[in-house]
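Engineer: Dropping the structure in here first, questions after.
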Amino acid sequence: MSDGRPAWARRIAAERMARDWSQLDAVKAMRAHASTELPADDSMVRQWKRWESGAMPGEFYRPIIAATFGTVTHALFPAPSRRNGDAEILVASGMETLEIVSRLNRSDVDNATLDALRMTTDRLCSEYPHLPSEQLLLEGRQWLKRVVDLTSKNLTLAQHREVLALSGWLALLVGCVEYDSGDRHAAESTRRAALSLATESDHAEVAGWAHEMRAWFALTTGDYRGVIAAAQAGAERAGNHSVAVQLAAQEAKAWARLGDRRQTEVALDRGRRLLEGMPHPDNLDHHFVVDPAKFDFYAMDCYRLVGEDKLARTLADEVLRTGTDFDGTERSPMRNAEARVTLGVTAAREGDLEQALIHGERALQGERQSVPSLIMTSRELAAVVKKRYATEPAAQEYLSHLRDLGQAKPGFLPS
């Protein structure tokens, strides 16, 4: 088959082979996920061959194929996305940052100013994956202070709730960057502030993300039962918002680390079903949006932990593909780093120390990092390397590098 096939065609072939399925096996697996009777096997195998060759499946078959491989339709068959930015804010609101700030100094605030603030908040949340953490933290804190100060202005009840909600979103963003940067205590205080703002404004989505942050903090410090408790508490508040998908994913990650494969699969499938039923997001860069590709990232982590190396490697390749532009620019550097750790783990398990260390070291080199998450996953690679290659000089050098990183952020190391 030609490498010129669409990415989705290459992926369904890779997913099938990672499971050691023939094309007939794949067709039989599809039947379990179809709500109606499918055509005979020979006809479906001919269809499957066409799909793997690059002929796009019809709308009826796409969700069935996605479910067969444990993912969602738009992860396999992506829809176009848009990207936020200052230019869009200016076009939509007619305001530049300086004008927005000057309007905030007035005694009352009009709806156009609130619209511009909402777009500014969306822009900042969309810059989370790639903007240097120091810059994003500075801007996020500045805008958070400006928006919080609005509560002393003359606002209608609806405007007051909107300001509280915007403050909640900005607090969530600031807390995430604080945690990425290694300031665990500040991040927890900011998370609690976001939860308080969500409660005051009765904003279920902000509340759900505040609980998700608690689950993330617990995951990266080794408190896996705490992850499950936070995820379940968040699910009660989140309703039908996309954060419910990420809460299910965090729960799945915790069950995987506790060694309970059944509960891992149950939580993953719950998240997959929720995401499949949601509309495709407009802005895939927004940190507090669960895009379809993010679900593959969650599943990759779980498959690595339960020892499904072929599936984990297939998904890691997919995470790297979707997280990198054609010119090599990394759109999702933090996801890419964890994908490289996954490739390192699978290589180490297969006896290829050289490739394992190449992937492991490259994961540590990114400029935009989530330090606690990177330490957590890299320690999993280190455990495999230490167990199998402890006497190898190259392995010792990698382990030393990782120890240096861990010692720089000791609060994130599990007890």
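The values are calculated or read from the model by the stated rules, or taken from the named source; none is laboratory data. All values derive from a computational prediction rather than experimental measurement. Cβ sites come from the backbone with ideal geometry, for glycine too, and all protein chains shown count toward neighbours.
Engineer: I'm checking my understanding of the structure. Among residues of the range 336-389 that are touching a residue at least 60 places away in the same chain (Cβ under 8 Å) and part of a helix (DSSP H, G or I), which one is nearest to the chain's Cα centre (by Cα)?
Structural biologist: It comes out as Ser373.
Engineer: I'm checking my understanding of the structure. Among residues of the range 321-333 that are outside any loop (DSSP other than H, G, I, E, B) and in contact with a His (Cβ under 9 Å, 6 or more places away or on another chain), which one is farthest from Leu399 (Cα to Cα)?
Structural biologist: Step by step, filter the range 321-333, then rank; the result is Glu330.
Engineer: Gln232 fails exactly one of the following numbered conditions: (1) modelled with pLDDT under 95; (2) assigned to a helix (DSSP H, G or I); (3) surrounded by fewer than 24 Cβ atoms within 10 Å (Cβ to Cβ). What is the number of that condition?
Structural biologist: (1) is the only condition that Gln232 fails.
Engineer: Have a look at Val290, Val245 and point out the one that is within 19 Å of Ala215 (Cα to Cα) and either in contact (Cβ under 8 Å) with a residue 60 or more places away in the chain or part of a helix (DSSP H, G or I) (or both).
Structural biologist: So the residue among Val290, Val245 that is within 19 Å of Ala215 (Cα to Cα) and either in contact (Cβ under 8 Å) with a residue 60 or more places away in the chain or part of a helix (DSSP H, G or I) (or both) is Val245.
Engineer: Does the range 140-158 hold any residues that are at pLDDT 90 or above and among the polar types (S, T, N, Q), and which are they?
Structural biologist: Of everything in the range 140-158, just one residue is at pLDDT 90 or above and among the polar types (S, T, N, Q), namely Gln142.
Engineer: Being at pLDDT 90 or above and within 14 Å of Arg304 (Cα to Cα) is true for just one of Val319, Val385. Which residue is that?
Structural biologist: Val319
Engineer: Restricting attention to the range 51-68, report how many residues are closer than 14 Å to Met30 by Cβ and assigned to a helix (DSSP H, G or I).
Structural biologist: Counting residues in the range 51-68 that are closer than 14 Å to Met30 by Cβ and assigned to a helix (DSSP H, G or I) gives 9.
Engineer: Just to be sure, is Leu247 in contact with an Asp or Glu (Cβ under 6 Å, 6 or more places away or on another chain), surrounded by 20 or more Cβ atoms within 10 Å (Cβ to Cβ) and either charged (D, E, K, R) or within 28 Å of Ile65 (Cα to Cα) (or both)?
Structural biologist: Against the criterion (in contact with an Asp or Glu (Cβ under 6 Å, 6 or more places away or on another chain), surrounded by 20 or more Cβ atoms within 10 Å (Cβ to Cβ) and either charged (D, E, K, R) or within 28 Å of Ile65 (Cα to Cα) (or both)), Leu247 qualifies.
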